Amino acid sequence: MIRKLHCMLRLQSGITQTLYRHRAPTILTRNYATDEANRNADDKNGNNAKRTSKSLPAVRNPFGAAQEKTKNSYLAMVEIFEERDVHRRNHVEFIYAALKHMPDFGVEHDLEVYKALINVMPKGKFIPTNVFQSEFMHYPKQQQCIIDLLEQMEDFGVMPDYEMEAMLLNVFGKKGHPLRKYWRMMYWMPKFKNLSPWPLPDQVPDDTLEVAKLAVERMCTVDLRSKVDVFETKELEDSLDDTWIVSGMSVEQSKLLKEHSPQKALYIEGPFHIWIRNRRINYFTLRADADAEFLAQLDERQLDDDDVSQIGVPFFGRAPPRRHNQLGKVRSVHQQDDGTIFAICATGTSTKDSLLSWIRLLELHGLASFDQIPVLFRFKSVVPAKAEEIAGPAVPSSDIDASLHSHKEHT
């Protein structure tokens, strides 16, 4: 009797579970339809905006709303984000926003800031556990975010260190794609960093005068005897601009200027541009037209080493003359086919008055003589706004003859 009762209870329980399984989809469908009807009703009543604002949390950009844009405030916002939530939700969006606003805070060249952003990523969660995860980019969104961070470092010339390798190893493991990108950077970036024959300091100075010195020194390396001088226009009584002048001139250039014919004019050309990393400096050249007769004589005496049409055989003819046995002037590195360069300079204002002061200061310090030589200004590009304010609009290259200034007229 008890066994029959137990069997009946088991049968009834199975029938109840079967009925519940068949009714479950109906119940879910009915609830879904009810929710959809409620949503339509809310839309008709104008409550859709309130419902959306509750379901989607607003993501605030703290870097765009920051009032103090310094490195300390930048690192403070990164630290606040790390301590705000244990799970660090929206960390990818936070890193992208931080990378975008780096130039505003002036930290785009700081390695410590990039390390702080990598430290935002959770540790150990994104490490692949098998070969398929490692090759098919496990957690691609997070890995691409750090790859973009490393690419921005590469664009700004920031070279990583071995501590960053340990950080990437803790986040993405040995098979992660960001670590592969790091290894490629550590192979190529030291090569490119030490490739330039004109190395610059790690931090380029903010002072424009110091940057101008670096620029003129780099251009004067064509002649090892070049000397860079810094003049002040206040040494001259009738100077209008109170600024500095960085001038570069060698002994050979001074000698060429003394031998220059007074019948041929000198030209001050520019402004030309030279970049010292992200800083642009305007510079001017003091030059003259090429000496056609001297260059023609050099071409007659010069032998073409690649010409095999007339080879002198020592046994059957006279040997060809050697170049070191020839007598005559040797062409200087400053005597180019398009002209002779006598000096270069960079001024603080890039105006006509500052360039005229440069000519007077060269003569005042005994570096050159312009007693009988006319000097012309030949501007090939637009001068800065301050130059227009002081000296008027820029002189086009077609009006060169109208801008004739000799040293005698101004003295």
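The values are calculated or read from the model by the stated rules, or taken from the named source; none is laboratory data. Nothing here was measured: the structure is a model prediction, and the numbers come from that model. Here the Cβ is made from the backbone with ideal geometry for all residues, glycine too, and neighbour counts use every protein chain on show.
Which residue out of 108, 112 is surrounded by fewer than 18 Cβ atoms within 10 Å (Cβ to Cβ), under 23 Å from residue 93 (Cβ atoms) and either of a type in the set (A, V, I, L, M) or under 22 Å from the mean Cα position of the chain (by Cα) (or both)? After ruling out the rest, the residue left standing is 112. Before we move on, is residue 346 hydrophobic (A, V, I, L, M, F, W, C), modelled with pLDDT under 50 and either part of a helix (DSSP H, G or I) or crowded, with 21+ Cβ neighbours inside 10 Å (or both)? No: the conditions fail for residue 346. For region 213-239, the set of residues classified as over 23 Å from the mean Cα position of the chain (by Cα) and among the acidic types (Asp, Glu) consists of 223, 229, 232, 235, 237, 238, listed by residue number.
The residues listed here are 193, 175; of these, the one that is surrounded by 15 or more Cβ atoms within 10 Å (Cβ to Cβ) and basic (Lys, Arg) is 175. Scanning region 83-95 for residues that are in a helix (DSSP H, G or I) and loosely packed, with under 15 Cβ neighbours inside 10 Å yields 83, 84, 93.
Here is a check on your reading of the model: is residue 264 surrounded by fewer than 14 Cβ atoms within 10 Å (Cβ to Cβ), part of a helix (DSSP H, G or I) and of a type outside the set (Ser, Thr, Tyr)? Taking the combined requirement at face value, the residue does not satisfy it.
Quick grid of which residues meet (1) within 31 Å of the chain's Cα centre (by Cα); (2) surrounded by 16 or more Cβ atoms within 10 Å (Cβ to Cβ):
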| position | (1), (2) |
| --- | --- |
| 126 | no, yes |
| 130 | no, no |
| 134 | no, yes |
| 138 | no, yes |
| 144 | yes, no |
| 149 | yes, yes |
| 160 | yes, yes |
| 167 | yes, yes |
| 171 | yes, yes |
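Taken together, the residues in region 219-255 that are closer than 11 Å to residue 354 by Cα and among the small types (Gly, Ala, Ser) amount to 1.
Scanning region 349-382 for residues that are of a type in the set (S, T, N, Q) and crowded, with 19+ Cβ neighbours inside 10 Å turns up 349, 350, 351, 354, 357.
Quick one: in region 240-256, of everything that is among the hydrophobic types (A, V, I, L, M, F, W, C) and surrounded by 22 or more Cβ atoms within 10 Å (Cβ to Cβ), which residue is nearest to the chain's Cα centre (by Cα)? Residue satisfying both the conditions and the ranking: 246. Residue count for region 235-251, restricted to those that are touching a Lys or Arg at 6+ places or on another chain (Cβ under 7 Å) and touching a residue at least 12 places away in the same chain (Cβ under 8 Å): 5.
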